[in-house]
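Each remark here refers to the structure printed beneath this line.
The values are calculated or read from the model by the stated rules, or taken from the named source; none is laboratory data. A quick note: this is a predicted structure, and the numbers were derived from the prediction, not measured. Using ideal geometry, Cβ is built from the backbone for each residue, glycine included, and neighbour counts are taken over all protein chains shown.
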Amino acid sequence: MWLKIKPQEPLLLGVIRPDAQFLPSLAYIPGRILRGAWAEWLLRQRTSSEEILRQVTRLRIGNFFPAAEAAGLRYALPLLMSAMECKRHGGFATEPSPNRRGHGIVDILLPVLAYRLLEAHGARFSVPFLIRCSQCDDRMEPAEGFYAVYEIRGVKHHGMFRPRFHAQTKVALSRHRRAAAEGMLYTPSALSPYTPDPVRGGSTRVVFIGRVAPTSPEGEEAMARFREAVSRMSIGAMHTRGYGRVSVEEATVSMPSLGERIRAFNELFRQLWLDIRSLALNPEALPQEPKGIYFSVDLLSPGIFRDADGIPTLKPTLILEGRRLEPILWMTRPDMASGWSTAWGLPKPTQLAARMGSIFVYRWDGPEDSLLTLLEALEQEGIGERRDEGFGECLICHPFHLEVEEK
Ligand SMILES: [Zn+2]
């Protein structure tokens with residue numbers, strides 16, 4: 001189920017270290033923060049720690065991504081590591097408001113995949129793989145952040161989320177003496193509940209959209225309790241001082257179905273294969289078409305993986321129907337996964353993780369119909385370790401890969 005979280009107050013989201021002078025908020029709500037708020041709510045009801053643990057593991061709470069609230073909002077997601085924008089005029093060419101438009105953001109995953117696989121088949125090219133801006137011919141660089149898709153009068157638009165931060169210097173209170181500790185000032189930089197309206201100008205509300213899924217038969221009831229808890233608790237840091245109140249409602253998200261995404265991914269890949277093959281110096285030596293079915297696993301939260309020997313790795317191996325699948329292409333960067341144990345209030349050890357927005361492409365040589373069921377489960381359950389803490393949340397064939405033109 002998709003939910004929408006609307007902040008009523010500024011939010012301070014992220015890991016707050018006691019020695020930090022600046023407390024910058026994240027621009028999205030990690031699922032673990034929501035789970036923490038739920039656990040704290042239960043604790044206030046004098047629920048035992050075993051019961052808290054039992055209740056909060058009945059739901060898988062994903063990350064919630066920000067968007068400017070406006071009519072026609074379809075979904076909000078992080079940009080992936082394959083997204084590139086013009087160095088000179090970055091940003092979407094399909095922003096709803098003309099004065100915000102850049103030269104466009106492209107997704108290079110499928111062109112790179114076709115180029116690399118053709119090269120592996122012995123293709124020779126007279127030029128290296130290089131993508132330039134189609135409007136000004138300047139170089140492209142990785143684009144980062146969160147974006148949302150809006151459908152306005154039947155036309156699809158992309159809008160980058162533009163966070164606003166409030167900075168306010170406060171005097172730190174000593175936890176023990178309840179007094180202002182001398183000289184200790186800190187600047188919390190909180191995420192505003194308002195953001196520029198991408199359609200009409202002026203300001204609009206920020207909303208966060210994410211997935212929550214039951215993991216047990218009691219999930220339905222847990223969902224109601226979770227929603228109640230999050231609406232009553234403040235989320236994030238410093239929630240006793242005018243930060244972190246939110247409301248929760250159901251969200252209507254419309255994204256192509258998994259089956260449609262896999263079909264479109266493979267169709268576009270075949271098309272690019274033909275196009276790039278025709279650019280090779282030796283096209284007749286190369287296969288007419290790619291073999292097998294291809295799909296990507298796109299991380300919506302950091303992923304924690306180990307190889308067959310138990311060594312931490314950034315490249316996940318999938319086991320589907322007893323077959324081991326290794327990624328044939330990946331775009332990833334390292335991150336550190338930390339965490340906080342709800343049960344005993346202690347930090348968990350940090351682990352190597354693949355960053356949010358990482359992409360792994362696999363090839364499947366088995367039958368098509370069994371693949372859909374397997375990938376549906378993967379998209380629901382996530383990938384890798386510590387999934388109950390929100391690590392390894394993923395989409396299969398992220399909709400961003402499905403259009404190759406600048407958008
Ligand atoms: Zn350009």
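Residues checked against (1) touching a residue at least 12 places away in the same chain (Cβ under 8 Å); (2) surrounded by 18 or more Cβ atoms within 10 Å (Cβ to Cβ):
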{"position": "269", "(1), (2)": "yes, yes"}
{"position": "289", "(1), (2)": "yes, no"}
{"position": "292", "(1), (2)": "yes, no"}
{"position": "300", "(1), (2)": "yes, yes"}
{"position": "314", "(1), (2)": "yes, yes"}
{"position": "326", "(1), (2)": "yes, no"}
{"position": "332", "(1), (2)": "yes, yes"}
{"position": "349", "(1), (2)": "no, no"}
Which numbered condition residue 142 fails, given (1) modelled with pLDDT of 95 or more; (2) more than 16 Å from the ligand (Cβ to nearest atom): (2)
Within the stretch 114-139, which residues are surrounded by fewer than 21 Cβ atoms within 10 Å (Cβ to Cβ), within 15 Å of the ligand (Cβ to nearest atom), part of a loop (DSSP other than H, G, I, E, B) and in contact (Cβ under 8 Å) with a residue 40 or more places away in the chain? 131, 134, 135, 136, 138
Got a number for residues in the stretch 356-384 being crowded, with 18+ Cβ neighbours inside 10 Å and part of a loop (DSSP other than H, G, I, E, B)? 6
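Would you check if there is a residue in the stretch 30-45 being under 29 Å from residue 152 (Cβ atoms), buried (at least 22 other Cβ atoms within 10 Å of the Cβ) and not β-branched (Val, Ile, Thr)?
Filtering the stretch 30-45 for residues under 29 Å from residue 152 (Cβ atoms) gives none.
No, the stretch 30-45 has no match at all.
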So if I check each of 230, 253, 199, which one is outside any strand (DSSP E or B) and within 27 Å of residue 110 (Cβ to Cβ)? 253
Taking first residues from the stretch 92-105 that are free of Cβ contacts under 8 Å to residues at least 12 places away in the same chain and second residues anywhere that are within 15 Å of the ligand (Cβ to nearest atom), the pairs with Cβ under 7 Å that are 6 or more apart or on different chains are 101/91; 101/92; 101/93; 101/95
Quick one: would you say residue 226 is within 23 Å of residue 395 (Cα to Cα) and among the hydrophobic types (A, V, I, L, M, F, W, C)? no
Evaluate the following for residue 88: is it over 25 Å from residue 268 (Cβ atoms) and within 16 Å of the ligand (Cβ to nearest atom)? yes
Tabulated pairs, the stretch 24-52, first closer than 18 Å to residue 218 by Cα, second in a strand (DSSP E or B), C-beta under 9 angstrom, 6+ apart or interchain: 35/59; 35/61; 38/59; 38/61
Filtered residue count, the stretch 215-232, keeping only those that are over 17 Å from residue 63 (Cβ atoms) and modelled with pLDDT under 90: 5
Failed condition for residue 296, given (1) surrounded by 15 or more Cβ atoms within 10 Å (Cβ to Cβ); (2) out of contact with any strand residue (DSSP E or B) (no Cβ under 7 Å at 6 or more places or on another chain); (3) assigned to a strand (DSSP E or B), with all others met? (2)
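State yes or no: is residue 68 away from the ligand (no atom under 16 Å from the Cβ), farther than 29 Å from residue 397 by Cβ and crowded, with 21+ Cβ neighbours inside 10 Å? Walk me through how you get there before you give the answer.
On the way: away from the ligand (no atom under 16 Å from the Cβ): yes; farther than 29 Å from residue 397 by Cβ: no; crowded, with 21+ Cβ neighbours inside 10 Å: yes.
Criteria not met by residue 68.
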Please indicate, with yes or no, whether at least one residue in the stretch 77-84 is farther than 19 Å from residue 333 by Cβ, among the small types (Gly, Ala, Ser) and within 16 Å of the ligand (Cβ to nearest atom). no
Would you tally the residues in the stretch 145-168 being of a type in the set (Lys, Arg), farther than 12 Å from residue 407 by Cβ and either within 21 Å of the chain's Cα centre (by Cα) or within 16 Å of the ligand (Cβ to nearest atom) (or both)? 2
Which condition number does residue 76 fail, the rest of (1) in contact with a His (Cβ under 8 Å, 6 or more places away or on another chain); (2) modelled with pLDDT of 95 or more being met? (1)
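Could you check, for the stretch 78-90, whether at least one of its residues is of a type in the set (D, E, K, R), within 30 Å of residue 389 (Cβ to Cβ) and part of a strand (DSSP E or B)?
Keep residues of the stretch 78-90 that are of a type in the set (D, E, K, R), which gives 85, 87-88.
So of that shortlist, the ones also within 30 Å of residue 389 (Cβ to Cβ) come out as none.
No, that holds for no residue.
Please pick out the residue among 96, 111 that is more than 15 Å from the ligand (Cβ to nearest atom), in a helix (DSSP H, G or I), crowded, with 19+ Cβ neighbours inside 10 Å and not acidic (Asp, Glu).
Numbers: 96 fails: in a helix (DSSP H, G or I).
Of 96, 111, the one residue that is more than 15 Å from the ligand (Cβ to nearest atom), in a helix (DSSP H, G or I), crowded, with 19+ Cβ neighbours inside 10 Å and not acidic (Asp, Glu) is 111.
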